1. If you go through the stretch 1-35, how many residues are aliphatic (A, V, I, L, M) and either under 51 Å from the mean Cα position of the chain (by Cα) or in a helix (DSSP H, G or I) (or both)?
2. Starting from the stretch 56-77, take each residue that is among the acidic types (D, E) and list its partners that are assigned to a helix (DSSP H, G or I) and modelled with pLDDT of 95 or more, counting only C-beta distances under 6 angstrom and pairs at least six apart or across chains.
3. Would you mention how many residues in the stretch 60-114 are loosely packed, with under 10 Cβ neighbours inside 10 Å and either of a type outside the set (D, E, K, R) or in contact with a Cys (Cβ under 7 Å, 6 or more places away or on another chain) (or both)?
Amino acid sequence: MKGKKEKKEKGREQMKTTKMYKKHEEKTKRQKRTEEKEKNKKENEKKKKNEKRKERNKKKKRKKWKKKKSRKKKRTKKKKDKKEKKRRKKEGNGKEEKKKRNKQTKEERKQNRKKEERK
């Protein structure tokens, strides 16, 4: 039995030295390398895609934020304008004061006329 096992082992060792075996080894090594390269390539592509997606999402978020901010600005401006309008309305835009001034000037003119007529 021992003789058979030894013969098999010798045969295996001889196989390792043969050209066929060496070719086979090289082929398997090449295959492994190519498989690893493809795997790395796929992983890199995935990473790039993810990065691009993240960038796009960032830009979208920024755009949304800007829109929101501008809307908020507009809203606050509208509110301020409305308040200002109400305040002016309450004051009457100074119309009453103008009327009073006009009345005074009219009265003054009348008095001036009267004075001139007396003279």
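The values are calculated or read from the model by the stated rules, or taken from the named source; none is laboratory data. Just so it is clear, the model here is predicted, and its values are computed rather than measured. Here the Cβ is made from the backbone with ideal geometry for all residues, glycine too, and neighbour counts use every protein chain on show.
1. Qualifying residue count for the region: 2.
2. none
3. Residues that pass the stated criteria total 0.
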